[in-house]
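The values are calculated or read from the model by the stated rules, or taken from the named source; none is laboratory data. This one's a predicted model, so the numbers in the text were calculated from it and none came from an experiment. Cβ placement follows ideal geometry from the backbone for every residue including glycine, while neighbour counts extend to all protein chains displayed.
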Amino acid sequence: MENAKEYITTKEGPKEEVNNQMHRLIEAEWEKHEDPKLLEVGFGSGEMLDRYPRGSSWGIDWNKEMVEHAQNAKRNVFREDICNPTFVFMQKYEHFFDFIVANYVFSEMKTEDLEKAFKNCHTLLKDTGKLYFSLTNPRMRHRTDLPGYKIIFSQTYEYEKKDLSFKVLLWDGKKYADVGILDYHNPVETYIDIIEKKFTLEHLYEISGSVGFAHALVFQVEKLE
Ligand SMILES: C[S@@+](CC[C@H](N)C(=O)[O-])C[C@H]1O[C@@H](n2cnc3c(N)ncnc32)[C@H](O)[C@@H]1O
């Protein structure tokens with residue numbers, strides 16, 4: 001989305017379900033910490049970040065417009081690439097966070113970048129830290145009836161394919177618009193394999209509800225020391 005021309009907010013039934021589920025999971029853990037600290041990676045419009053106290057929450061996004069917009073709202077945000085963050089950022093926030101959340105961010109990365117992103121999340125988390133992230137469900141990629149979205153694959157779709165790129169078109173009220181979103185399909189097992197190099201997968205939640213099939217996955221993973 002770095003090159004997205006526009007950021008269209010669609011009718012967000014399914015996305016709210018994911019945000020709500022993730023928030024419930026974090027809330028249940030939040031109280032266990034004396035001074036909890038949360039980082040949202042790829043915060044986008046900042047809806048999720050707004051759920052947490054400003055003094056306890058940080059955000060990074062590599063998109064200039066997202067960061068400027070969030071800075072105007074006086075959030076604690078930085079323009080950083082989670083795959084290649086600056087040395088200064090990593091030094092300052094190494095082992096700093098109890099929670100990292102990333103909603104629909106890792107689907108913008110190929111496996112090579114996923115490896116880097118998870119490694120950096122591992123460094124940013126405290127030893128007892130947890131990472132929560134969501135993806136549109138790769139097992140449901142053949143279902144193209146998610147309201148407001150249309151998928152165009154770069155090659156023939158097969159579930160087992162890795163790093164299969166596809167465009168996501170968004171319904172703007174009149175037509176499906178190409179706003180520059182390029183995502184990558186990987187099988188769920190690929191994400192799990194990469195995660196398990198540095199983390200333990202505690203839970204994998206399937207989110208369904210409003211659309212009648214499991215449209216998204218929420219991963220809850222704990223840092224391995
Ligand atoms: C699909 S949007 C999701 C935004 C928000 N999390 C939400 O759920 O509404 C993905 C976001 O991740 C950011 N992003 C993608 N790759 C990134 C990277 N390597 N480092 C930091 N941010 C990244 C994009 O700029 C974009 O804001």
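Worth pointing out:
- Put simply, of Asp113, Asp193, Asp145 the only residue that is more than 17 Å from the chain's Cα centre (by Cα), among the acidic types (Asp, Glu) and either at pLDDT below 95 or surrounded by 16 or more Cβ atoms within 10 Å (Cβ to Cβ) (or both) is Asp145.
- Enumeration of residues in region 107-143 that are more than 15 Å from the ligand (Cβ to nearest atom), under 12 Å from Leu224 (Cα atoms) and not basic (Lys, Arg): His122, Leu125, Asp127, Thr128, Gly129
- Selection of strands (runs of 3 or more DSSP E) fully inside region 109-209 by the criterion of at least 3 residues being under 20 Å from Val41 (Cβ atoms) returns 125-136, 176-185, 199-207.
- With respect to the stated conditions, Lys32 fails to be basic (Lys, Arg) and modelled with pLDDT of 95 or more.
Residue-by-condition table, conditions (1) more than 17 Å from the chain's Cα centre (by Cα); (2) closer than 19 Å to Val221 by Cβ:
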| residue | (1), (2) |
| --- | --- |
| Asp81 | no, no |
| Met109 | no, yes |
| Thr123 | yes, yes |
| Leu131 | no, yes |
| Asn137 | no, yes |
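- Residue selection: Lys11 fails the criterion of being basic (Lys, Arg), within 27 Å of Val188 (Cβ to Cβ) and at pLDDT 90 or above.
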